[in-house]
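Participant: Below is one structure. I have some questions about it.
The numbers here are math on the coordinates, done by the rules we state, and not lab data. The model shown is predicted, which means the values in this text are computed figures rather than measured ones. Cβ atoms come from the backbone with ideal geometry, glycine included; neighbour counts cover every protein chain shown.
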Amino acid sequence: MKLISVTFCRIINVGLMFVKDKLEYELTVGYRTSASAVLIARDRIIKEQLLPLHEINFTVRFDECDEKRAVGLSTELVTREYVDVIIGPTCSNGM
């Protein structure tokens, strides 16, 4: 008789909005800085086992601090990518 061990995990789909082509935002909310921070946070979540049996997937979009673009991308993230949560928009005028 064989025993089969099955582990289920919950996938959390996270939508991320960043700026990539606006130099004035590069140091504060630019893609390289912000994406690095997200990966550091993910690594800490894994290391400290804060969300056991969970996997985190990221979907990235670039709203460029444009409110109309942010609304459209939010809609796309929810309806096409089925994200559970969105971190964004990048700028407060994009809310």
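Participant: Out of all the residues in segment 73-84, is one or more surrounded by 12 or more Cβ atoms within 10 Å (Cβ to Cβ), in contact (Cβ under 8 Å) with a residue 60 or more places away in the chain and of a type in the set (D, E, K, R)?
Facilitator: yes
Participant: If I ask for residues that are under 11 Å from the mean Cα position of the chain (by Cα) and not aliphatic (A, V, I, L, M), which ones from segment 1-48 would you list?
Facilitator: Asn13, Gly15, Phe18, Ser34, Arg42
Participant: I've got another one for you. Within segment 4-40, how many residues turn out to be of a type in the set (A, V, I, L, M, F, W, C), surrounded by 14 or more Cβ atoms within 10 Å (Cβ to Cβ) and out of contact with any Pro (no Cβ under 9 Å at 6 or more places or on another chain)?
Facilitator: Within segment 4-40, the first condition is being of a type in the set (A, V, I, L, M, F, W, C), and the residues that meet it are 4, 6, 8-9, 11-12, 14, 16-19, 23, 27, 29, 35, 37-40.
Remaining after also requiring surrounded by 14 or more Cβ atoms within 10 Å (Cβ to Cβ): 12, 14, 16-19, 29, 35, 38.
So of that shortlist, the ones also out of contact with any Pro (no Cβ under 9 Å at 6 or more places or on another chain) come out as 12, 14, 16, 18-19, 29, 35, 38.
Number satisfying all stated conditions: 8.
Participant: Can you tell me which of (1) of a type in the set (A, V, I, L, M); (2) over 16 Å from Cys91 (Cα atoms); (3) touching a Phe, Trp or Tyr at 6+ places or on another chain (Cβ under 8 Å) is the one Leu3 doesn't meet?
Facilitator: The single condition Leu3 does not satisfy is (3).
Participant: Are there any pairs, at least 6 apart or on different chains, whose C-beta atoms fall under 6 Å, with the first in segment 32-46 and within 16 Å of Ile56 (Cβ to Cβ) and the second surrounded by 15 or more Cβ atoms within 10 Å (Cβ to Cβ) and of a type outside the set (Ser, Thr, Tyr), and if so, which?
Facilitator: Listed by first residue and then by second, the contacts come to Ser34/Phe18; Arg42/Ile56.
Let's see how each residue does on (1) within 25 Å of Val78 (Cα to Cα); (2) touching a strand residue (DSSP E or B) at 6+ places or on another chain (Cβ under 6 Å):
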| site | (1), (2) |
| --- | --- |
| Val14 | yes, yes |
| Phe18 | yes, yes |
| Tyr25 | no, yes |
| Tyr31 | yes, yes |
| Ser36 | yes, no |
| Phe58 | yes, yes |
| Phe62 | yes, yes |
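Participant: Right, another one. Which of the residues spanning segment 64-85 are in a helix (DSSP H, G or I) and within 14 Å of Met17 (Cα to Cα)?
Facilitator: Within segment 64-85, the first condition is being in a helix (DSSP H, G or I), and the residues that meet it are 67-79.
Listed by number, the residues that qualify are Glu67, Lys68, Arg69, Ala70, Val71, Gly72, Leu73, Ser74, Thr75, Glu76, Leu77, Val78.
Participant: Oh, and also: Quick check on my filter: what residues within segment 41-63 are assigned to a loop (DSSP other than H, G, I, E, B) and either of a type in the set (A, V, I, L, M, F, W, C) or loosely packed, with under 13 Cβ neighbours inside 10 Å (or both)?
Facilitator: Going through segment 41-63, the residues assigned to a loop (DSSP other than H, G, I, E, B) turn out to be 48-53, 63.
Glu48, Gln49, Leu50, Leu51, Pro52, Leu53, listed by residue number.
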